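**Student:** First, the structure itself, so that you have it in front of you.
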Amino acid sequence: MSQLSLIHHAHYRRLFVALLIAFHEPGFAEDQRQTGEVDALPEVKVTTKVAHDQPSEQTKSYTVNATATATRLNTSLRDTPQSISVITRQLMDDFRALTVNDALSLATGVRVEQFETDRSEYTARGFNITNFQIDGLSTPITYGTQYGDLDVALYDRIEVLRGANGLLTSTGNPSATINFIRKRPTKDLKAQINATAGSWDNRRLDADVSGALNADGSVRARLVMAHQEKNSYLDRYSNERNVAYGVIEADLSDRTSVAVGHTYQQNNSSGNNWGSLPLLYADGSPRHYKRSDSTAPHWSYWDVGTNISFAEMTHLFANGWKAKGQLTHKQTEADARLHYIYGNEVRSTGLGLLSYPGRYHTRTEDNVLDFYANGPVELAGRKHELVLGTTLSKADVRDYSRFGAIGTPLASFESAADFPLPTFGPESKVADFSTRTINTYAAARINVMDDLKVTAGGSLLSYDLQGISYGVPQSVKEDNKLTPYLGAVYDINDQHSLYASYTGIYKPQAELGRDFKVLPPLQGKNYEAGVKSEWLNGQLNSTVALFKTEQEHLPQQVGTQGATSIYEGIEAISKGYEFDIAGQLTDRLSMNAGYTRLMSLKNSDGKNVNPYTPRHQMHVAAMYKVPYVEHLKLGANLYWQSETHVDITLQNVGTFRYRQDSYATLNLVANYKIDQHWDAALNLYNVTNEKYLSSLRYAYAGQAYYAAPMSALATLTWRY
């Protein structure tokens with residue numbers, strides 16, 4: 001890492017935080033539930049009649065009682081007219097999900113596409129997930145790609161809202177919205193330390209401490225820190241990650257609270273791949289590898305630093321309304337020295353692979369300001385709920401690159417490991433553009449009758465992109481684009497409800513067409529209907545959903561020019577159904593499970609789209625408290641997906657279909673509570689040692705790599 005980067009990150013390490021949240025006044029309506037701003041350690045008891053959404057760690061459950069991810073109207077999962085999965089703190093702890101990739105692999109219908117060691121994308125219902133939130137506030141992730149391993153130690157839970165959510169994210173996308181809910185301070189002093197050791201020298205230490213800073217608990221703070229170092233089953237790959245999160249909340253009065261916080265994460269990798277293993281020989285026959293094979297030389301690295309600062313103010317009015325303002329600043333800086341291998345080997349000689357070395361520096365800066373108010377309104381003798389808000393955001397992206405001698409022949413695949421560090425040429429600016437958006441939204445939950453609730457709303461988006469991308473000027477401006485939202489929930493009885501929803505899709509795009517201009521905005525419609533149920537007095541939630549999506553200008557990559565991906569926009573229609581269940585089946589058995597079936601994912605010509613996406617996908621995670629051994633818990637996590645494929649074209653040779661058969665992975669866990677302070681756990685991953693490619697997301701370019709074999713992780717936990 002450069003000296004400048006070290007100075008920059010040292011500055012942010014010194015930066016720490018002061019923060020907010022409010023107490024509620026007695027007399028408020030019991031149905032004013034606080035969702036999205038929660039603790040993760042046991043919650044402070046407050047003297048108020050307002051019902052609180054509990055932090056997921058306090059409930060020790062695999063489900064939650066309420067969410068505001070869809071509309072900011074605080075509703076139960078059953079009363080939300082879309083499918084929602086929740087990855088709770090208990091679920092993450094049980095299966096030792098340490099990164100976003102680990103956690104999202106536990107979500108129904110979500111496919112983690114880790115196509116390189118340090119780059120991942122996420123898909124749901126056949127399409128890329130590009131909508132991300134932190135505490136309900138949209139946070140851009142450039143191109144929808146996550147760089148490095150994002151740690152989840154600072155989050156209480158992760159909510160996954162499937163289907164379009166243009167109301168709050170400013171852009172409708174038919175895949176899903178991922179909402180990361182931060183941990184919050186507690187009034188009582190709580191502390192937890194986890195020490196972990198595992199396969200390939202995996203070592204980790206994380207700590208979480210929370211409590212009041214004054215006698216009456218009106219000022220509270222929380223600090224979460226983690227350090228991890230690990231080698232890998234992949235030759236020459238290693239990773240080091242440091243995380244710090246601090247937050248302070250202060251009650252200015254019984255009605256007004258403030259909060260400030262900061263997150264720092266530094267993710268440094270060496271020996272990381274850029275691209276992956278060439279899947280075919282030059283004649284189109286498949287090339288086989290060991291799981292440990294990698295194209296990365298010893299001098300490659302990728303360092304990614306992320307800093308997020310935020311501030312909030314919340315006020316509760318005597319009439320039951322709440323107003324909240326949020327401001328966040330996010331800065332990501334990445335520095336990389338990488339080696340891409342392209343071409344295909346001649347089977348008899350080993351020749352045919354060529355070198356593409358590069359140095360890359362990327363800096364993104366995002367600023368988001370949001371203000372909203374919600375509360376009850378009386379109309380026609382019934383109480384309804386209303387939310388009004390505006391989000392303003394500005395995102396800046398700058399990319400720089402330098403290249404070594406491109407096209408240098410390799411003697412063989414094996415020689416890639418020893419490829420000498422080249423001399424890199426002068427730096428050039430690849431991209432420099434800014435995006436500004438204003439999203440104004442409103443929604444009402446109308447109490448039509450005791451058994452029927454209708455949610456109606458919409459958002460108006462104004463969007464302005466200006467700058468340069470790959471040397472081509474870019475200018476896109478859209479004003480007051482309406483994205484409608486309509487949903488209804490009908491209670492059949494006290495346990496089951498029917499629901500249906502319609503959501504518009506409108507998303508400005510960053511992908512470049514053949515003319516190096518950005519593609520037209522993605523547009524379309526999303527339909528969903530199903531049945532939601534609460535079992536065992538709300539301890540278990542289930543959803544059965546049917547969905548259909550129609551889209552125009554969906555980006556599909558059709559090639560590359562140099563290192564630049566080229567896309568074309570197509571029409572696409574997807575249809576399918578899914579089942580999701582989460583919570584406590586018995587006093588001893590907890591479960592999070594789901595199944596997704598993509599019945600159809602085709603373009604306007606009737607051809608399959610995104611064949612790298614499995615048409616069947618299933619997961620079951622369960623934890624069982626063993627009888628007669630009261631402090632022992634045993635668990636298992638099973639994932640299965642159907643066959644996938646890509647078509648790879650070799651110039652002057654032909655097009656070849658590369659298939660990955662259906663596969664299943666099984667993870668096991670044993671946890672023993674030694675006493676009130678100490679726990680010990682052992683997690684085993686891929687216990688059947690299944691060999692499979694991590695992702696076919698970009699395998700149409702002829703490359704992919706293998707996921708990890710069987711591994712183990714042992715954790716010792718101390719709690720106060």
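**Student:** Taking a ≥ b ≥ c as the square roots of the Cα gyration tensor eigenvalues, with a/c under 1.5 meaning rounded and otherwise prolate when a/b beats b/c, else oblate, which class fits segment 258-301? All intermediate terms of the calculation are to be shown ahead of the outcome.
**Tutor:** On the way: a/c = 4.61, a/b = 2.87, b/c = 1.61.
Verdict is prolate for segment 258-301.
**Student:** Right, next: In square angstrom, what is the accessible area per residue of the chain with a 1.4 angstrom probe?
**Tutor:** I get 39 Å² per residue for this part.
**Student:** Something else about it: Using the crude model of +1 on Lys and Arg Cβ and -1 on Asp and Glu Cβ, and no other charge, please compute the dipole size for segment 520-609 relative to its Cα centre, in debye to 20. Let's see the in-between values first.
**Tutor:** Working: 8 positive and 10 negative charges, 36 e Å.
The calculation lands at about 180 debye.
**Student:** Can you work out the FRET efficiency for the pair D450 and E378, with r the C-beta to C-beta distance and R0 = 22 Å, to the nearest 0.05?
**Tutor:** About 0.90, to the nearest 0.05.
**Student:** Could you check the spin-label model distance between V544 and N319? Points 7 Å from the Cα along Cα→Cβ, value in nm.
**Tutor:** 4.4 nm
**Student:** Once amide H atoms are built 1.01 Å from N in the peptide plane, which residues 5 or more positions from T130, or in another chain, come under 5 Å H to H?
**Tutor:** A176
**Student:** Output the 0 to 90 degree angle, nearest 10, between the alpha-carbon long axis of helix 3-14 and the longest principal axis computed from the alpha carbons of the chain.
**Tutor:** Roughly 10 degrees between the two axes.
**Student:** For Q114, list long-range residues whose amide hydrogen, built 1.01 Å from N in the peptide plane, is under 5 Å from its own amide hydrogen.
**Tutor:** Hits under the 5 Å cutoff: E121.
**Student:** What relative contact order, as a whole-number percentage, does segment 612-720 give when Cα pairs under 8 Å and 6 or more residues apart are counted?
**Tutor:** After rounding, I find 22 percent.
**Student:** How much of the accessible area of segment 543-685, probe 1.4 Å, is carbon plus sulfur, in whole percent?
**Tutor:** The value for segment 543-685 is 53 percent carbon and sulfur by accessible area.
**Student:** Can you work out the Karplus-derived ³J(HN,Hα) for every residue in segment 443-460? Use 6.51 cos²θ - 1.76 cosθ + 1.60 with θ = phi - 60°, whole Hz, and x for glycine or proline.
**Tutor:** Working through the residues one at a time gives 8, 10, 9, 9, 8, 4, 8, 4, 9, 10, 10, 10, 10, 10, x, x, 9, 10 Hz.
**Student:** Farthest toward the dipole's positive end in the chain, which of A191, W302, T314, given Cβ charges of +1 (Lys, Arg) and -1 (Asp, Glu) about the Cα centre?
**Tutor:** Ranked along the dipole, the leading option is W302.
**Student:** What percent does the relative contact order of segment 363-414 come to when contacts are Cα pairs within less than 8 Å and at least six residues apart?
**Tutor:** Once normalised by length, the contact order is 39 percent.
**Student:** Let me ask something additional. Per-residue HN-Hα couplings for segment 247-264, Karplus 6.51 cos²θ - 1.76 cosθ + 1.60 at θ = phi - 60°, whole Hz, x for Gly and Pro?
**Tutor:** Karplus values, whole Hz, x for Gly and Pro: 8, 10, 10, 9, 8, 6, 7, 5, 10, 10, 9, 10, 8, 9, x, 8, 10, 10.
**Student:** Once the other residues with Cβ under 14 Å from the Cβ of R657 are scored (Lys, Arg +1; Asp, Glu -1), what is the net sum? If you can, show how the numbers build up before the last one.
**Tutor:** Details: positive: K607, R659; negative: E643, D647, D661.
Here the count lands on -1.
**Student:** Which residues' amide hydrogens lie under 5 Å from the amide hydrogen of I566, considering only partners 5 or more residues apart or on another chain, with H built in the peptide plane?
**Tutor:** Placed amide hydrogens put V558, G559, T560, Q561 under 5 Å from I566.
**Student:** To the nearest 0.05, what FRET efficiency results for I438 and Q651 with a Förster distance of 60 Å applied to their C-beta separation?
**Tutor:** Calculated value: 0.85.
**Student:** Starting at the first residue of segment 215-232, write each ³J(HN,Hα) from the Karplus equation 6.51 cos²θ - 1.76 cosθ + 1.60 with θ = phi - 60°, in whole Hz, x for Gly and Pro.
**Tutor:** Couplings: 5, 8, x, 6, 10, 10, 9, 8, 9, 10, 9, 8, 9, 9, 10, 7, 8, 8 Hz.
**Student:** Straight-line reach from K602: which aspartates and glutamates fall under 13 Å, measuring Cα to Cα and dropping same-chain residues less than 8 apart?
**Tutor:** Correct list for K602: E550, E552, E571.
**Student:** Additional query: What is the magnitude of the charge dipole of segment 409-511 about its Cα centre, with +1 placed on the Cβ of each Lys and Arg, -1 on the Cβ of each Asp and Glu, and no other charges, expressed in debye to the nearest 20?
**Tutor:** Its charge dipole is roughly 400 debye.
**Student:** I'd like the carbon and sulfur percentage of the solvent accessible area for segment 319-391, probe radius 1.4 Å, heavy atoms only, ligands and nucleic acids excluded.
**Tutor:** Summing carbon and sulfur atoms, their accessible area is 62 percent of the total for segment 319-391.
The values are calculated or read from the model by the stated rules, or taken from the named source; none is laboratory data. Predicted model, so just to flag it, every value in this text is computed and none were measured. Note: ideal-geometry Cβ built from the backbone for every residue, glycine included; neighbour counts use all protein chains shown. Protein only, heavy atoms only, side chains kept; ligands, DNA and RNA dropped before computing areas. Shrake-Rupley method; radii C 1.70, N 1.55, O 1.52, S 1.80 Å.
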